Amino acid sequence: ADGWTVMLILKAAALALVLCVLTLALKKDQPSFAFLASACGAVLLLTFAAEQLLPLVQWLNALAGYGLAAHAAALLRVLGIALVAQFAADLCREAGLGAAASAVDLCGRLLALAQAAPLLQTLLDAFSGFLQ
């Protein structure tokens, strides 16, 4: 599995490198096409990464089999929020919108924290019960 993972990251890095060259070539004469190429490439890479999440989803489903379905769903929501917020913030930075990127980052963190709060409460309750 380790060699497989190395090959996957090499493929992703090669795609990113081609994307960088294409974007830099277009940036001087066609900045709008450069941004479009960058955004499309980012979506391609994100799709590639999403396909690799299957083992994580299977592990979370196994947790659900132990009666932890709500916790597994919360973990998936937090992960999804984090990934989407990072992707949106990076797109904003690419477009030169630093303030919007910071706002998306903050919004993503707050939403992830809100989704994780019930998990944290359960963990604290279990820890408290263990101490007593």
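The values are calculated or read from the model by the stated rules, or taken from the named source; none is laboratory data. Because the structure is predicted, anything quoted here is derived from the model rather than measured. Here Cβ is always computed from backbone atoms with ideal geometry, including for glycine, and neighbour counts include all displayed protein chains. Quick note on the areas: whole protein, heavy atoms, side chains included, nothing else; ligands and nucleic acids left out. Shrake-Rupley method; radii C 1.70, N 1.55, O 1.52, S 1.80 Å.
State yes or no: is L56 under 16 Å from the mean Cα position of the chain (by Cα) and either without any contact (Cβ under 8 Å) to a residue 12 or more places away in the chain or farther than 20 Å from L24 by Cα (or both)?
yes
I'd like the residue in the stretch 1-21 that is in a helix (DSSP H, G or I) and small (G, A, S) and, out of all such residues, is farthest from L46 (Cα to Cα).
Filtering the stretch 1-21 for residues that are in a helix (DSSP H, G or I) and small (G, A, S), the one farthest from L46 (Cα to Cα) comes out as G3.
Quick check on my filter: what residues within the stretch 114-132 are free of Cβ contacts under 8 Å to residues at least 12 places away in the same chain and either closer than 14 Å to L75 by Cα or open to solvent by 60 Å² or more (accessible area, probe 1.4 Å) (or both)?
Hits for the stretch 114-132 are A114, A117, L120, Q121, L123, L124, D125, A126, F127, F130, L131, Q132.
Results for (1) open to solvent by less than 70 Å² (accessible area, probe 1.4 Å); (2) basic (K, R); (3) more than 28 Å from L106 (Cα to Cα); (4) touching a Ser or Thr at 6+ places or on another chain (Cβ under 8 Å), shown as yes or no for each residue.
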| residue | (1), (2), (3), (4) |
| --- | --- |
| T5 | no, no, yes, no |
| Q30 | no, no, yes, no |
| L44 | no, no, no, no |
| A62 | yes, no, yes, no |
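Can L24 be described as in a helix (DSSP H, G or I) and at pLDDT 85 or above?
For L24, the condition - in a helix (DSSP H, G or I) and at pLDDT 85 or above - is met.
If you take the residues in the stretch 7-28 that are under 25 Å from A95 (Cβ atoms) and not hydrophobic (A, V, I, L, M, F, W, C), which one is least open to solvent (accessible area, probe 1.4 Å)?
T23
Within the stretch 65-86, does at least one residue satisfy the condition of being of a type in the set (S, T, Y), surrounded by fewer than 15 Cβ atoms within 10 Å (Cβ to Cβ) and more than 30 Å from T122 (Cα to Cα)?
The answer is no, given that none of the residues of the stretch 65-86 is of a type in the set (S, T, Y), surrounded by fewer than 15 Cβ atoms within 10 Å (Cβ to Cβ) and more than 30 Å from T122 (Cα to Cα).
Since L111 meets every condition but one in (1) surrounded by 12 or more Cβ atoms within 10 Å (Cβ to Cβ); (2) without any contact (Cβ under 8 Å) to a residue 60 or more places away in the chain; (3) over 30 Å from L124 (Cβ atoms), which condition does it not meet?
For L111, the failing item is (3).
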